[in-house]
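Written below as structure tokens is the structure these notes are about.
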Amino acid sequence: MKIASFNINGIKARLPRLLEWLEETKPDVACLQEIKTQDEGFPAAEFEKIGYGAIWHGQKSFNGVAILTRDQQPEETKRGLDGEPEDEHSRYLEANVTAPGGGTVRVASIYLPNGNPQPGPKFDFKLRWMKRLRNRASEIWREEIPAVLAGDYNVIPRDNDVFSVKAMENDALMQPESRQAYQRILHDGWTDALGVTYPAGKIWTYWDYRSGGWQRDQGFRIDHLLLSPLAADHLRSCGVDKEHRGREKASDHAPTWVELNL
DNA sequence: ATGCCATCCACCGGATGA
């Protein structure tokens with residue numbers, strides 16, 4: 001079972017590329033971030049045409065997450081995180097999905113706040129949001145089910161997950177507080193699939209549009225798939241569809257995925 | 001220190017992103 005995470009940076013601008021990627025790589029589940037549209041503008045019919053059911057949590061202009069599932073409809077289990085009622089960003093969506101073998105897998109599509117500039121209120125919001133995410137992750141963990149928390153975490157976990165530590169040293173993505181908050185979730189028992197599979201790092205999931213980031217292969221790893229123990233036990237492989245980042249009108253992120261033997 | 005590029009909305013420049 002293949003589960004992917006893809007920050008598409010605008011579902012309207014990206015639709016042809018997104019449909020192309022789905023047809024070429026056929027993920028069973030695609031967790032999307034930055035759909036950047038209100039609920040009414042979500043092109044559900046386009047996905048249905050190629051055999052994907054969907055749920056989505058939209059917002060005007062910014063943020064927005066969705067979950068697409070092949071040959072089935074996701075069963076929504078959570079929309080938004082608890083703990084901050086005044087937070088109106090659409091950044092979290094969660095569902096149960098049926099695995100090919102018949103079992104159930106919980107998946108979440110996560111768009112964690114960027115947090116720049118730091119220090120400041122946006123960075124504080126990021127850290128609060130990470131605490132709320134950790135609380136939700138713990139609830140899922142205690143259910144003892146196969147689960148995959150997939151998304152754009154906006155965290156560079158290690159120094160070897162970035163092309164230049166110096167270039168990014170003041171960025172919210174790699175502040176010690178951001179890394180610690182991420183690490184706490186891992187310490188709770190979640191497995192960063194690409195992190196453990198490629199301990200030497202140098203695997204990027206994002207390349208900036210500016211400064212020729214793609215052309216120079218200057219990127220970093222911020223899109224992560226965190227596996228519960230029952231998912232991690234069955235990790236077969238994982239990777240990044242890097243080639244898709246180099247296409248015309250590409251997102252600045254590449255699709256990132258895990259394959260589980262469930 | 002800032003712009004670099006791309007997206008969105010809405011009216012063409014400002015906000016946001018990472």
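The values are calculated or read from the model by the stated rules, or taken from the named source; none is laboratory data. Not measured: the values here are computed from a predicted model. Cβ sites come from the backbone with ideal geometry, for glycine too, and all protein chains shown count toward neighbours. Note: areas computed on protein heavy atoms with side chains; ligands, DNA, RNA excluded. Shrake-Rupley method; radii C 1.70, N 1.55, O 1.52, S 1.80 Å.
Going by what's in this entry, would residue A:207 be described as in contact with an Asp or Glu (Cβ under 8 Å, 6 or more places away or on another chain), surrounded by 16 or more Cβ atoms within 10 Å (Cβ to Cβ) and under 22 Å from residue A:258 (Cβ atoms)?
So residue A:207 passes the test.
What single numbered condition from (1) under 22 Å from residue A:68 (Cβ atoms); (2) touching a residue at least 12 places away in the same chain (Cβ under 8 Å); (3) exposed (fewer than 13 other Cβ atoms within 10 Å of the Cβ) fails to hold for residue A:259?
The single condition residue A:259 does not satisfy is (3).
Output yes when any residue across the range A:168-179 is in contact (Cβ under 8 Å) with a residue 12 or more places away in the chain and of a type in the set (Ser, Thr, Tyr), and no when none is.
Yes, the range A:168-179 contains at least one residue that is in contact (Cβ under 8 Å) with a residue 12 or more places away in the chain and of a type in the set (Ser, Thr, Tyr).
Take the range A:86-112 and flag every residue that is under 20 Å from residue A:39 (Cα atoms) and either among the hydroxyl-bearing types (Ser, Thr, Tyr) or within 11 Å of DNA strand B (Cβ to nearest atom) (or both).
A:89, A:90, A:91, A:92, A:109, A:111, A:112
Please go through the range A:106-126 and give me each residue that is part of a helix (DSSP H, G or I), out of contact with any Pro (no Cβ under 7 Å at 6 or more places or on another chain) and open to solvent by less than 50 Å² (accessible area, probe 1.4 Å), ordered by number.
A:123
If the requirement is being crowded, with 18+ Cβ neighbours inside 10 Å, more than 14 Å from the chain's Cα centre (by Cα) and among the acidic types (Asp, Glu), which of these qualifies: A:161, A:152?
Testing whether each residue is crowded, with 18+ Cβ neighbours inside 10 Å, more than 14 Å from the chain's Cα centre (by Cα) and among the acidic types (Asp, Glu) leaves just A:161.
Is there any pair linking a residue in the range A:136-163 that is assigned to a strand (DSSP E or B) to one that is at pLDDT below 95 and among the polar types (S, T, N, Q), with Cβ under 8 Å and at least six apart or on different chains, and which?
Listed by first residue and then by second, the contacts come to nothing, as the list is empty.
On the given criteria, is residue A:234 in contact (Cβ under 8 Å) with a residue 24 or more places away in the chain, out of contact with any Gly (no Cβ under 8 Å at 6 or more places or on another chain), open to solvent by less than 30 Å² (accessible area, probe 1.4 Å) and not hydrophobic (A, V, I, L, M, F, W, C)?
Criteria not met by residue A:234.
With respect to residue A:63, is the statement that it is farther than 24 Å from residue A:259 by Cβ, away from DNA strand B (no atom under 16 Å from the Cβ) and touching a residue at least 24 places away in the same chain (Cβ under 8 Å) true?
For residue A:63, the condition - farther than 24 Å from residue A:259 by Cβ, away from DNA strand B (no atom under 16 Å from the Cβ) and touching a residue at least 24 places away in the same chain (Cβ under 8 Å) - is not met.
Based on what the data block shows, is residue A:53 surrounded by 14 or more Cβ atoms within 10 Å (Cβ to Cβ), closer than 22 Å to residue A:257 by Cβ and out of contact with any Lys or Arg (no Cβ under 7 Å at 6 or more places or on another chain)?
yes
Return the residues of the range A:1-29 that are within 16 Å of residue A:51 (Cβ to Cβ), free of Cβ contacts under 8 Å to residues at least 60 places away in the same chain and touching a Phe, Trp or Tyr at 6+ places or on another chain (Cβ under 9 Å); say none if nothing qualifies.
Once the filter is applied, which keeps residues that are within 16 Å of residue A:51 (Cβ to Cβ), free of Cβ contacts under 8 Å to residues at least 60 places away in the same chain and touching a Phe, Trp or Tyr at 6+ places or on another chain (Cβ under 9 Å), the range A:1-29 yields A:18, A:19, A:22.
When the residues of the range A:1-45 are filtered to those that are part of a helix (DSSP H, G or I) and among the basic types (Lys, Arg), which remaining residue is most open to solvent (accessible area, probe 1.4 Å)?
If we take residues in the range A:1-45 being part of a helix (DSSP H, G or I) and among the basic types (Lys, Arg), then A:12 is most open to solvent (accessible area, probe 1.4 Å).
It is to be established whether one or more residues within the range A:131-138 are closer than 20 Å to residue A:256 by Cα, away from DNA strand B (no atom under 11 Å from the Cβ) and open to solvent by 10 Å² or more (accessible area, probe 1.4 Å).
no
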